1. Could you list all residues from the range 208-230 that are free of Cβ contacts under 8 Å to residues at least 40 places away in the same chain and surrounded by 17 or more Cβ atoms within 10 Å (Cβ to Cβ)?
2. Which of the residues spanning the range 246-292 are within 19 Å of residue 130 (Cα to Cα), among the small types (Gly, Ala, Ser) and either modelled with pLDDT under 95 or part of a loop (DSSP other than H, G, I, E, B) (or both)?
3. Scan the range 246-260 for residues that are hydroxyl-bearing (Ser, Thr, Tyr) and over 14 Å from the mean Cα position of the chain (by Cα) and report the count.
4. Here is a list: 204, 243, 263. Which entry is more than 17 Å from the chain's Cα centre (by Cα), aliphatic (A, V, I, L, M) and surrounded by fewer than 18 Cβ atoms within 10 Å (Cβ to Cβ)?
5. In the range 96-134, which residues are assigned to a loop (DSSP other than H, G, I, E, B) and either within 23 Å of residue 207 (Cβ to Cβ) or not aliphatic (A, V, I, L, M) (or both)?
6. Being in contact (Cβ under 8 Å) with a residue 40 or more places away in the chain and over 22 Å from residue 199 (Cβ atoms) is the filter here, so list the residues in the range 231-240 that pass it.
7. Restricting to the range 1-23, count the residues that are buried (at least 16 other Cβ atoms within 10 Å of the Cβ) and either over 21 Å from residue 267 (Cα atoms) or in contact with a Lys or Arg (Cβ under 8 Å, 6 or more places away or on another chain) (or both).
8. Given the structure, is residue 26 among the aliphatic types (A, V, I, L, M) and within 30 Å of residue 285 (Cβ to Cβ)?
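The values are calculated or read from the model by the stated rules, or taken from the named source; none is laboratory data. Keep in mind that what you see is a predicted model, and the values were worked out from it rather than measured. Positions of Cβ are generated from backbone atoms using ideal geometry, with glycine treated the same way; all protein chains shown enter the neighbour counts.
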Amino acid sequence: MKAFVFPGQGAQFIGMGKDLYDNNEVAHEMFEKANEILGFRITDIMFSGTEEELKQTKVTQPAIFLHSVILAKTMGEEFCPDMAAGHSLGEFSALVAAGALTFEDGLRLVSARAQAMQKACELRPSTMAAVLALPDEKVEEICAGIDGVVVCANYNCPGQIVISGEMEAIDAACEQLLAAGAKRALKLKVGGAFHSPCMEPARAELAHAIEATEVKTPVCPVYQNVDALPHTDPVEIKANLIAQLTAPVRWTQTVKNMIADGATEFVELGPGKVLQGLVSKISREVAVSGRQ
């Protein structure tokens, strides 16, 4: 069985999607429609902007979403998922590709999500850190003992977790994690503490937009971040999307569940190869490929 997976923030690069825009009429039309919906020419930043411009959350998230969703659309009948999933932002790409959300609604939600997250970051100084070579349970135990907000935000693969929270709490956690034997506990260059309680203002703001958006039954099960389980019910999909901003991304568990349910091939659609690398670390038994 074939699983299609979609990357999240951090996979962006200057020039992403330009070949599609230049050489595919459907892609060209979709990119131009996106410029119209967003109210600025995101294609100019994607294709020839600066790294600083592309790194802004309000640009990065729609850019990655567009690249992923348009890739899926231009594949035509080759896009035949038995199941789908996306990492954080990528969950919106997966839902659009699988027909649960329209392209237009998906883009509007991603844009609203990016702006709400940006505002939440500005309200409260916070950050994230990558932790390598410690068991999940040990990282959870140390985070639970720290004063202040710090939680496990991304379970990326065995031995790789991202923690998220307030600045001082992250610093204290990193110190204890290294003392406990972590190979690395390194702060990331991000705008704030994604997938943590620090994103509560963004979750509350985005909830209204999600509730007002029509979600249809997808063509295949979409494994969602909050519980790593397959979903096809529109009510469940909405609830999980709302919860996603303050809940961890359970990517390791998601991939394991997809494999247990029959996935033998994973195809990553979008910029970069991050998810291909993570899937390979989670299981060496499955085929992994990608398009960008």
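1. 226, 228
2. 247, 272, listed by residue number.
3. The total comes to 0.
4. Just one listed residue meets the conditions, 204.
5. The first filter runs over the range 96-134 and keeps only residues assigned to a loop (DSSP other than H, G, I, E, B), leaving 98-102, 124-125, 133-134.
98, 99, 100, 101, 102, 124, 125 - these are the residues of the range 96-134 that are assigned to a loop (DSSP other than H, G, I, E, B) and either within 23 Å of residue 207 (Cβ to Cβ) or not aliphatic (A, V, I, L, M) (or both).
6. Filtering the range 231-240 down to residues in contact (Cβ under 8 Å) with a residue 40 or more places away in the chain leaves 234, 237.
Within the range 231-240, just 234 meets the criteria.
7. 2
8. no
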